[in-house]
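Take a look at the structure below.
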Protein chains: 2
Amino acid sequence: MSKPNCGKRSRTQPFKQIGADMTAKIIDGKRFAEELRGRIAGHVERLKAEHGITPGLAVVIVGHDPASQVYVSSKARQTAEVGMNSYKYELPEDVSELDLLELIRRLNDDKAVHGILVQMPVPRHIDPNKVIEAIDPAKDVDCFTPANVGKVQIGLAGPVSCTPLGCLMLLRDELGSLEGKHAVIIGRSNLVGKPMMQLLLRDNCTVTVAHSRTRDLAAVVRQADIVVAAVGRPQMIKGDWIKPGAVVIDVGINRIDAPERGEGKTRLVGDVDTAAASEVAAAITPVPGGVGPMTIACLLANTITTASLINGLTPPSDLTA
Amino acid sequence: MSKPNCGKRSRTQPFKQIGADMTAKIIDGKRFAEELRGRIAGHVERLKAEHGITPGLAVVIVGHDPASQVYVSSKARQTAEVGMNSYKYELPEDVSELDLLELIRRLNDDKAVHGILVQMPVPRHIDPNKVIEAIDPAKDVDCFTPANVGKVQIGLAGPVSCTPLGCLMLLRDELGSLEGKHAVIIGRSNLVGKPMMQLLLRDNCTVTVAHSRTRDLAAVVRQADIVVAAVGRPQMIKGDWIKPGAVVIDVGINRIDAPERGEGKTRLVGDVDTAAASEVAAAITPVPGGVGPMTIACLLANTITTASLINGLTPPSDLTA
């Protein structure tokens with residue numbers, strides 16, 4: 001692949017016309033997530049038929065945040081669609097911390113429940129750390145508890161943070177082996193950056209974690225065979241930061257003003273300048289429709305993993321890191 | 001600093017004569033560890049006087065490996081020297097796994113014990129993972145349990161892996177703030193590389209983890225403001241891989257043949273070619289006398305941390321990450 005003339009292209013010229021060899025493959029996360037859910041449904045079927053186990057996922061939501069409501073409904077629907085039992089608990093905004101912790105304790109003891117997810121954020125009067133610590137690590141399908149975070153680092157079986165697991169699956173699908181690739185992760189959050197680092201290291205990448213204090217971020221990103229952008233800043237990663245032929249995973253979902261669509265309109269963009277990066281990268285995830293759909297699918301995958309481990313079975317290898 | 005003529009120097013010419021501005025400062029880990037133990041003794045004094053707490057460290061050794069015996073004796077002696085209670089348990093080589101786990105359970109329940117360390121390796125008939133899992137994370141001063149490993153990643157208070165903590169203390173002492181420095185760790189072990197990555201990230205370094213599958217390791221290391229070598233291969237990191245002015249932490253302790261000292265003689269070397277690297281680096285840890293002495297001192301530091309947390313006190317900030 002010849003080095004494209006990054007950053008000097010006229011912004012009015014649509015990038016798709018520059019040449020097919022310079023246009024990245026768009027990684028279809030929506031389709032991959034569908035396929036993954038199909039595989040998960042197969043594993044559910046097998047657990048039912050061979051072991052009499054119906055995996056069950058309990059989702060707890062506190063209060064009435066509309067975005068959280070939509071997200072929890074999607075989770076519940078997709079859980080049922082793959083043949084698992086879905087249990088939804090809606091608690092009022094002013095529920096006491098004690099009552100929430102008591103519900104979690106009941107779910108810990110409930111043999112029909114193999115995964116427990118408390119939708120974050122919880123209201124301010126509730127300590128999220130106490131909530132996380134209350135969840136039995138064996139049922140912690142979000143991989144929030146310290147014990148499960150540690151297991152990922154050490155390399156022991158257990159649930160893996162959903163979004164990084166989704167990114168890893170897309171990368172493996174795109175590249176096959178990741179061995180020896182230099183992966184640069186931008187962002188070091190507990191939810192994405194740090195668990196992503198563990199998974200890429202486990203897959204034999206050389207891994208660099210960059211963040212807000214990194215000097216000359218552009219030069220660091222330019223080394224990457226694999227870029228994982230997880231900073232939450234719209235289109236911060238520029239096209240000419242991308243090494244020709246790199247694979248770019250854009251975890252960011254940022255809503256920005258879109259006056260071109262009409263007054264007051266908005267649109268979703270990632271952390272990467274997708275159009276410019278697409279001229280250089282070999283493959284890139286779009287926003288929306290890239291990493292986003294993978295997160296819930298990986299939550300279901302984790303529920304198969306925990307249901308298997310709770311019952312003394314080896315978890316399916318195609319659903320985890 | 002001018003770029004030295006790396007790798008072309010005659011091996012017969014002692015590096016100290018090349019020019020003072022090209023000779024790295026030798027980081028005196030032995031002296032730093034002494035100073036640290038002095039501070040620890042002060043904290044022990046304070047815990048006794050103000051809170052009636054005498055921190056206690058239990059060390060368990062199985063079998064008669066001479067190196068382990070020496071190491072355990074050093075730990076016990078230094079524990080007593082800083083004013084803590086030292087409890088040493090020596091079990092026969094053929095002790096049953098059940099009996100070892102039972103001892104750990106008793107130590108978990110013993111209010112006089114704030115740290116439990118089982119000297120590794122244990123004999124083959126004992127599963128080290130079962131041993132680690134049996135230790136109450138609140139007393140896990142080696143930071144081996146998944147829960148404590150996870151806490152380091154998330155940023156919660158608790159014990160921190162001893163050798164990486166020692167490296168961090170030396171780096172902070174040498175550089176002050178590590179913010180924005182590019183740290184390259186060579187080696188991704190659970191004991192050193194991975195926890196080191198967490199600590200350097202927490203101190204706002206850009207962190208790269210390289211390992212046996214890394215392509216063009218020399219080029220990766222050449223970017224480093226901070227090099228942490230933890231691969232266990234004698235003198236593998238060459239002098240001309242080091243960026244002028246870098247700080248080099250050599251975790252390796254390798255015994256190699258030293259025929260120049262006489263037939264059958266050996267000597268200890270690190271993972272870095274110390275002589276050549278010293279011409280380029282700003283500062284470097286020697287082997288022996290660099291990182292080595294820090295490990296036991298940090299074990300004692302962790303015992304102060306766990307003794308504080310067990311008693312609901314805030315651990316001293318100068319003894320942890």
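The values are calculated or read from the model by the stated rules, or taken from the named source; none is laboratory data. Since the structure is predicted, the reported quantities are computational estimates derived from the model, not experimental observations. Neighbour counts run over all protein chains shown; Cβ positions are idealised from the backbone, glycine included.
Of these, A:A281, A:A301, which one is of a type in the set (G, A, S), in a loop (DSSP other than H, G, I, E, B) and either modelled with pLDDT of 95 or more or touching a Phe, Trp or Tyr at 6+ places or on another chain (Cβ under 7 Å) (or both)? If you could, list the steps in order and put the result at the bottom.
Values: A:A301 fails: in a loop (DSSP other than H, G, I, E, B).
After applying the criteria, what remains is A:A281.
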It is to be established whether one or more residues within the stretch A:107-117 are within 11 Å of chain B (Cβ to nearest Cβ), charged (D, E, K, R) and either surrounded by 14 or more Cβ atoms within 10 Å (Cβ to Cβ) or under 19 Å from the mean Cα position of the chain (by Cα) (or both). no
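Going by what's in this entry, would B:R202 be described as facing chain A (nearest Cβ under 10 Å), modelled with pLDDT of 95 or more and surrounded by fewer than 24 Cβ atoms within 10 Å (Cβ to Cβ)? Show your work before the answer.
Working: facing chain A (nearest Cβ under 10 Å): yes; modelled with pLDDT of 95 or more: yes; surrounded by fewer than 24 Cβ atoms within 10 Å (Cβ to Cβ): yes.
Taking the combined requirement at face value, the residue satisfies it.
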By residue number, the members of the stretch A:255-278 that are surrounded by fewer than 23 Cβ atoms within 10 Å (Cβ to Cβ), part of a helix (DSSP H, G or I) and touching a residue at least 12 places away in the same chain (Cβ under 8 Å) are A:A275, A:A276
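Which count do you get for residues in the stretch A:63-82 that are within 22 Å of the chain's Cα centre (by Cα) and farther than 18 Å from A:P293 by Cα?
Within the stretch A:63-82, the subset within 22 Å of the chain's Cα centre (by Cα) is A:65-82.
From what is left, the residues that are farther than 18 Å from A:P293 by Cα are A:65-66.
Adding up the residues that qualify gives 2.
Table: residues versus (1) of a type outside the set (A, V, I, L, M); (2) more than 14 Å from chain A (Cβ to nearest Cβ).
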| position | (1), (2) |
| --- | --- |
| B:R213 | yes, no |
| B:D216 | yes, no |
| B:R222 | yes, no |
| B:I237 | no, yes |
| B:G245 | yes, yes |
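Can you tell me how many residues in the stretch B:228-245 are small (G, A, S), out of contact with any strand residue (DSSP E or B) (no Cβ under 6 Å at 6 or more places or on another chain) and either at negative phi or at pLDDT below 95 (or both)? Show your work before the answer.
Of the residues in the stretch B:228-245, the ones small (G, A, S) are B:229-230, B:232, B:239, B:245.
Subset that is out of contact with any strand residue (DSSP E or B) (no Cβ under 6 Å at 6 or more places or on another chain): B:230, B:232, B:239, B:245.
This time we only want the ones that are either at negative phi or at pLDDT below 95 (or both), so: B:230, B:239.
Result for the stretch B:228-245: 2.
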Within the stretch A:166-198, residues within 14 Å of the chain's Cα centre (by Cα), under 16 Å from A:V291 (Cα atoms) and part of a helix (DSSP H, G or I) come out as A:G166, A:C167, A:L168, A:M169, A:L170, A:L171, A:G193, A:P195, A:M196
Scanning the stretch A:118-137 residue by residue, those among the hydrophobic types (A, V, I, L, M, F, W, C) and within 12 Å of another protein chain (Cβ to nearest Cβ) turn out to be A:I132
If we ask which residues in the stretch A:232-250 are surrounded by 24 or more Cβ atoms within 10 Å (Cβ to Cβ), assigned to a loop (DSSP other than H, G, I, E, B) and touching an Asp or Glu at 6+ places or on another chain (Cβ under 8 Å), their number turns out to be 1
Only unsatisfied item for B:Q223, checking (1) in a loop (DSSP other than H, G, I, E, B); (2) over 16 Å from B:A282 (Cα atoms), is (2)
